[in-house]
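Below is one structure, written out as structure tokens, with a few remarks after it.
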Amino acid sequence: MAVQIQFKRYELPPLPYKVDALEPYISKDIIDVHYNGHHKGYVTGANSFLERLEKVIKGDLPSGHYDVQGLMRGLVFNINGHKLHALYWDNMAPSGKGGGNPGGALADLIVKQFGSYDRFKQVFTETANSLPGTGWTVLYYDVESGNLQIMTFENHFQNHIAELPILLILDEFEHAYYLQYKNKRADYVNAWWNVVNWDYAEKKLQKYLK
């Protein structure tokens, strides 16, 4: 009797604003290619690897006829690519509604750990600019210690501390900026601060405060 299994497929979430909403800081052409091309591609890739995994589990692909390490690596890359991009879109707000300084508990934590928002911004920016190749810069919140933690990771293979939720995330793949900023990634990083959605980061932090 054939094994009946099925993994639920991933779906591309709707973009939370119009493609031109982040201009002039991030152009509509970048958002269009980034969202409809790259993010959609990760969703398609994740579902393709899930289909292959189903075949392995069912026995449709006998042992020795597939690369399980490659399969799992492909799953991680594409699922992370999808989930990280979903966070990235939500972590930005249309021009005129984003940027500025954070407020609430997040602002208090930043001042407590970094002395001031300006110093936090400088450290985060320097960390982002230090990333070799492509990847992400993130701000985590450690529920256990109550600390904020800045970290980078390359590609979609995270240097992730277990259980730490992401409050702030910056995409540093070339497709996030190259059409507009060419090889000047630092200019893109500086521009990104103008569309950071601090309200979203604060609401997320509130979920984890003791």
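Each reported figure results from applying straightforward, stated rules to the coordinates on display, with no laboratory input. Keep in mind that this is a model prediction, so the values were computed, not measured. So basically every Cβ, Gly included, is an ideal-geometry build from the backbone, and we count neighbours across all protein chains shown.
Residues whose amide H falls under 5 Å from that of residue 23, counting only those 5 or more places apart or on a different chain, are 95, with hydrogens built in the peptide plane. Which number comes out as Rg/Rh for the chain once both Rg and the Kirkwood Rh are worked out on C-alpha atoms? Rg divided by Rh gives 1.02. In units of the rule-of-thumb radius 2.2 N^0.38 Å, segment 28-90 shows an alpha carbon radius of gyration of 1.34.
Build a GNM of the chain with springs between Cα atoms under 10 Å apart, and of 101, 78, 197 the one that fluctuates most is 101. Sorted largest first, the spans of the alpha carbon positions of segment 1-116 along the three principal axes are 61, 36, 22 Å.
Which value results when the Cα radius of gyration for segment 104-206 is divided by 2.2 N^0.38 Å?
Computed over Cα atoms of segment 104-206, the ratio equals 1.07.
Look at 79, 5 and count the other Cβ atoms within 10 Å of each Cβ; fewest to most, that gives 5, 79.
Residue pairs exceeding 23 angstrom between C-alpha atoms, taken from 40/184; 8/58; 97/182; 97/203: 40/184; 97/182. What GluC sites (Glu not before Pro) in segment 130-210 are in a loop by DSSP, with at most 11 other Cβ atoms within 10 Å of the Cβ? Here the sparse-neighbourhood loop sites are 144, 163.
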